[in-house]
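> Below: one structure in structure tokens.
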Amino acid sequence: MMNPLLTEAPLPLFDQIEPHHVEPAVDQILAIVRARIEQLLDSNQPYSWDTLAEPVEIALEQLNRLWSPVAHLNAVADSAELRAAYNACLPKISAFETELGQHEALYQAFRQIADSEAFSALDTAQRKAIRNRLRDFRLTGIELGPDQRKRFKEVRVRLSELHTRFRENLLDATKAWSKHLREDAMLTGLPESARALARQNAESENLEGWLLNLDVPSYFPVITYADNRALREEIYTAYVTRASECGPHAGRWDNSPVMEETLELRHEAARLLGFANFGEHSLETKMAGSTDQVIEFLNNLAKQALPQAHQELAEICSFARDQGVTFTLEAWDIPYYSEKLRQQRYALSQEELKPWFPEHQVVAGLFAVVQRLYGIEVKEQKNAAVWSPDVRLFEIHDEEQRLRGRFYLDLYTRPGKQGGAWMGECRTRLREKERLYVPVAYLTCNFTPPLGDQPCLFTHNEVITLFHEFGHGLHHLLSAIDYPSVSGINGVAWDAVELPSQIMENWCWERETLDLIARHYQTGERLPEELFAKMRSARTFQCAMQMVRQVEFALFDMLIHVEYDPAQGGRIYEILEQVRNQVAVFQPPAFNRFAHGFSHIFGGGYAAGYYSYKWAEVLSSDAYSLFEENGIFDRATGRRFRREVLERGGSEDPMKLFATFRGRQPTIEALLRHSGLALTGSMG
């Protein structure tokens with residue numbers, strides 16, 4: 001039974017964070033945390049969970065409470081002043097983390113706890129937290145000699161700087177390109193919503209006509225719908241050469257040296273710790289047992305999907321020829337003719353569905369879905385301090401009206417905001433004496449904002465993205481674990497962390513769910529059965545091409561880390577070409593610099609771990625199949641998933657949690673079925 005006495009650490013006052021105050025505040029909290037750790041080590045009490053492990057958890061969470069809002073603002077409200085403050089503090093944060101991991105006295109203290117008779121009396125989450133801490137000591141260089149420790153610390157600090165530089169270069173390169181159009185004829189084929197956004201972009205810059213940019217809400221409609229082939233080629237070229245030595249801003253924000261140094265230093269760090277390569281190092285915190293196992297898993301997925309993927313590409317080429325195309329299709333043609341084929345085959349487009357997915361209905365429907373599934377209620381909290389006027393704060397209560405967590409919802413693209421969608425931790429659940437502090441999350445997307453008097457209308461793909469990120473949010477917010485290092489997504493094997501997010505996507509395709517989230521923004525009409533049937537039929541359209549594309553990304557990521565050779569350098573595009581020759585069905589142009597924008601692995605936490613999306617999709621598809629068997633809103637199954645997965649966080653082995661929920665080990669069949677693929681042969 002949870003302690004009913006719930007409270008909160010004060011929420012960040014985002015509207016009062018001043019960049020020039022950040023560095024002094026970080027210096028102060030680092031000094032406080034260092035002093036607290038030394039105080040704990042110098043006490044005369046025997047080391048135990050209560051006297052050392054728990055106070056260390058509390059001290060580190062205090063640091064997170066200060067740093068998290070700063071890091072988040074740097075991602076969603078970029079400015080020169082904030083960027084400078086963030087970059088001044090980042091090496092200090094990284095150096096502290098490495099220093100903590102190399103603290104000999106602290107390491108020995110945790111060893112004493114783990115070796116004590118009292119260790120077996122601790123609860124599962126406490127034991128897991130201590131084992132993780134000892135693992136992390138090893139992964140931070142505790143077993144190295146003095147000179148090697150010093151070098152390892154330098155490498156870690158530099159890598160944190162490189163990751164930030166990669167993201168900044170990509171953001172700056174994305175913001176730098178735009179195309180001002182004065183002739184309506186250039187926009188032929190674009191949906192009215194895309195035209196309206198381009199017009200709104202122009203007005204914001206005091207320009208006549210229309211303004212295109214490389215933000216996804218602007219880029220995607222052009223590459224998908226624009227009849228003007230030259231325009232598609234131009235925007236494609238700008239997009240795939242961002243932050244590289246090619247394209248319209250060649251060399252200006254070039255990530256090439258950043259990527260090379262990143263791979264070099266990751267390899268050096270891995271070798272210092274005794275691993276053959278960074279791929280092996282990465283898997284120390286994941287479910288997969290070896291890099292060979294991951295590579296075999298990905299190759300087997302490609303084997304299942306490639307025959308159908310080749311057929312799907314051939315269908316696009318044949319369709320284009322039937323439309324009178326005499327040229328060879330290029331990368332900027334494939335999405336365009338693919339969408340034309342979809343519309344011919346299913347008489348359905350993403351744009352046609354948008355009127356049924358107004359933001360207010362989708363968000364309210366999402367909350368209704370999770371209430372039916374997990375017995376939780378979501379309510380908006382007004383007048384919160386936020387970083388942008390369109391950001392909202394919500395709170396979650398359970399069946400007994402206990403506050404379980406809060407989250408900020410930031411849906412729209414805007415200048416100074418990094419692209420993509422993600423869930424971030426603002427606060428982590430923490431019990432401190434008689435107080436239980438509830439978790440707080442950031443849910444961030446980059447959707448098209450409201451246009452004129454029209455509300456924000458989502459594509460169905462954007463609805464899926466929102467459900468996905470909210471799944472991550474629930475994993476963080478519904479945690480019943482009181483120790484931050486294994487609460488929520490913390491301590492969860494990285495290749496299992498996508499399970500709660502990916503499983504949520506499945507409900508977006510169900511009639512019962514669509515009755516909750518889909519209402520025409522003008523008439524209130526539910527999604528017609530005819531459109532629903534088309535949606536379901538089109539669900540697996542070109543699914544095999546999508547599958548091999550994800551396998552391509554994941555194999556490339558793993559191989560550039562596994563096969564890194566200091567004598568040869570990163571060989572980034574050489575390896576990418578090898579991977580494409582093996583698993584891709586379409587070869588992009590030579591100037592394509594995909595890797596220069598691959599922020600998941602060069603600017604985020606997915607290095608040698610991008611395979612996690614497909615790995616976890618096996619788990620999520622198989623887990624959802626239990627809902628399909630029992631009823632997609634079966635209350636008992638939903639509560640079981642909440643209890644066995646969402647509330648357990650990183651407190652136990654994820655395979656054990658999955659098997660407890662599902663009643664067996666996972667199988668691949670549900671993923672292939674949901675993807676419209678038939679199992680051929682053995683998955684190995």
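> First check a/c for the range 179-227, with a ≥ b ≥ c the square roots of the eigenvalues of its C-alpha gyration tensor; if it is under 1.5, answer rounded, and if not, answer prolate when a/b is larger than b/c or oblate otherwise. Mind dumping the intermediate values first?
Details: a/c = 1.89, a/b = 1.32, b/c = 1.43.
Verdict is oblate for the range 179-227.
> Heavy-atom accessible area of SER244 with all protein chains present, probe 1.4 Å, nearest 10 Å²?
Roll a 1.4 Å probe over it and SER244 shows about 0 Å².
> OK, next. Taking 25 Å as R0, compute the FRET efficiency from the Cβ-Cβ separation of ALA567 and ARG111 and round it to 0.05.
Values: r = 38 Å, r/R0 = 1.54.
Once the sixth-power term is evaluated, E becomes 0.05.
> Of all trypsin sites (Lys or Arg not before Pro) in the range 621-684, which ones are in loop regions per DSSP and have a Cβ with at most 12 other Cβ atoms within 10 Å?
On the way: sites: ARG635, ARG639, ARG640, ARG642, ARG643, ARG648, LYS656, ARG662, ARG664, ARG673; in loops: ARG648, ARG664.
Filter output for the range 621-684: ARG664.
> Oh, and also: If you take every DSSP beta bridge fully contained in the chain, what fraction is antiparallel? Give it as a percent rounded to 5. Walk me through the intermediate numbers first.
On the way: 27 of 35 bridges.
Percent antiparallel among DSSP bridges in the chain is about 75.
> Shape of the range 255-374 from its Cα gyration tensor (a ≥ b ≥ c, root eigenvalues): rounded if a/c is under 1.5, otherwise prolate when a/b > b/c, or oblate?
On the way: a/c = 2.30, a/b = 1.41, b/c = 1.63.
Oblate, since a/c reaches 1.5 and b/c is not below a/b.
> Where in the range 437-475 does the amide nitrogen come within less than 14 Å of the point 7 Å from the Cα of ARG195, taken along Cα to Cβ?
Within reach of a label on ARG195: no residues.
> OK, next. Specify whether the C-alpha gyration tensor of the range 64-160 places it in the rounded, prolate or oblate class, a ≥ b ≥ c being the square roots of the eigenvalues: rounded for a/c under 1.5, otherwise prolate if a/b is larger than b/c and oblate if not.
Values: a/c = 3.87, a/b = 1.67, b/c = 2.32.
Oblate is the answer for the range 64-160, as a/c is 1.5 or above yet b/c matches or exceeds a/b.
> Tell me, what is the 1.4 Å probe accessible area of MET545, in Å² to the nearest 10?
30 Å²
> Set the bar at 31 Å for Cα to Cα. Now go through LYS128/LYS150; LYS417/LYS534; LYS303/LYS417; LYS150/LYS175; LYS179/LYS379 and name every pair that lies beyond it. Display every interim value, and only then the final one.
Numbers: LYS128/LYS150 29 Å; LYS417/LYS534 35 Å; LYS303/LYS417 38 Å; LYS150/LYS175 38 Å; LYS179/LYS379 41 Å.
From the list (LYS128/LYS150; LYS417/LYS534; LYS303/LYS417; LYS150/LYS175; LYS179/LYS379), the Cα-Cα distance tops 31 Å for LYS417/LYS534; LYS303/LYS417; LYS150/LYS175; LYS179/LYS379.
> Hey, of [x] 43, 30, 25; [y] 40, 33, 29; [z] 40, 29, 27, which did the structure itself give for semi-axes √(5λ) of the Cα gyration tensor in Å when calculated?
[z]
> Another one. Helix 19-42 sits at what angle to the longest principal axis of the chain, using alpha carbons and giving 0 to 90 degrees rounded to 10?
In the chain, helix 19-42 runs at an angle near 40 degrees to the longest axis.
> Assuming R0 = 45 Å, can you tell me the calculated FRET efficiency for the pair LEU41 and GLN587, based on Cβ-Cβ distance, to the nearest 0.05? Don't skip to the end; give the middle numbers.
Details: r = 58 Å, r/R0 = 1.29.
Plugging the Cβ-Cβ distance into 1/(1 + (r/R0)^6) gives 0.20.
> Also, quick follow-up: Quick check: pseudo-label points 7 Å beyond the Cα along Cα→Cβ at ARG635 and ASN461, how many nm apart are they?
Modelled inter-label distance: 3.9 nm.
> May I pose another question? From the helices alone, meaning DSSP H stretches of at least four residues, give me the mean residue ellipticity at 222 nm for the chain, per-run term -39500 (n - 2.57), in deg cm²/dmol to the nearest 500. Before the final figure, lay out the partial values.
Numbers: 26 runs with 369 residues, N = 684.
Rounded to the nearest 500, the figure is -17500 deg cm²/dmol.
> If the chain between ALA250 and SER120 were fully stretched, how many nm would it gain, using 0.36 nm times the residue separation less the Cα-Cα distance? All intermediate terms of the calculation are to be shown ahead of the outcome.
Working: separation 130, 0.36 × 130 = 46.80 nm, distance 5.94 nm.
Difference between extended and current length: 40.9 nm.
> Loop only per DSSP, at most 15 neighbouring Cβ atoms within 10 Å: give me the trypsin sites (Lys or Arg not before Pro) in the range 132-191, ordered by residue number. If you can, show how the numbers build up before the last one.
Values: sites: ARG133, ARG135, ARG138, ARG149, LYS150, ARG151, LYS153, ARG156, ARG158, ARG165, ARG167, LYS175, LYS179, ARG182; in loops: ARG182.
Hits after loop and neighbour filter: ARG182.
> Please compute the per residue accessible area over the range 46-106 with all protein chains in place, 1.4 Å probe, rounded to a whole number of Å².
Working: 1960 Å² over 61 residues.
Dividing the accessible area of the range 46-106 by its residue count gives 32 Å².
> Using only Cα atoms, find the angle between the long axis of helix 124-139 and the longest principal axis of the chain, and express it within 0 to 90 degrees, rounded to the nearest 10.
Roughly 80 degrees, rounded to the nearest 10.
> Can you tell me the length gained on complete extension of the stretch SER318 to HIS180, counting 0.36 nm per residue apart and subtracting the Cα distance?
Fully extending the segment from SER318 to HIS180 adds 46.3 nm.
> Straight-line reach from LYS354: which aspartates and glutamates fall under 14 Å, measuring Cα to Cα and dropping same-chain residues less than 8 apart?
GLU192, GLU462, GLU525
> Could you provide, to the nearest whole Å², the per residue accessible area of the range 349-405 with probe 1.4 Å? Working shown, then result.
On the way: 2210 Å² over 57 residues.
That works out to 39 Å² per residue.
> I would also like to ask the following. Show me the trypsin sites (Lys or Arg not before Pro) within the range 359-466 that DSSP assigns to loop and that have at most 16 other Cβ atoms within 10 Å of their Cβ. Let's see the in-between values first.
Details: sites: ARG372, LYS379, LYS382, ARG392, ARG402, ARG404, ARG406, LYS417, ARG427, ARG429, ARG431, LYS433, ARG435; in loops: LYS382, ARG402, LYS417, ARG429, LYS433.
Sites meeting the loop and neighbour criteria: LYS382, ARG402, LYS433.
> Give, in nm to one decimal, the length gained when the segment between ARG664 and GLU260 is fully stretched (0.36 nm per residue of separation minus the Cα-Cα distance). Intermediate values should be presented prior to the final figure.
On the way: separation 404, 0.36 × 404 = 145.44 nm, distance 4.30 nm.
This chain segment gains 141.1 nm when fully extended.
The values are calculated or read from the model by the stated rules, or taken from the named source; none is laboratory data. Values in this document were obtained by computation on a predicted structure and should not be read as measured data. A quick note on method: Cβ atoms are made from the backbone with ideal geometry, for glycine too, and the neighbour counts reach across all protein chains shown. Only protein heavy atoms, including side chains, enter the accessible area calculation; ligands, DNA and RNA are left aside. Shrake-Rupley method; radii C 1.70, N 1.55, O 1.52, S 1.80 Å.
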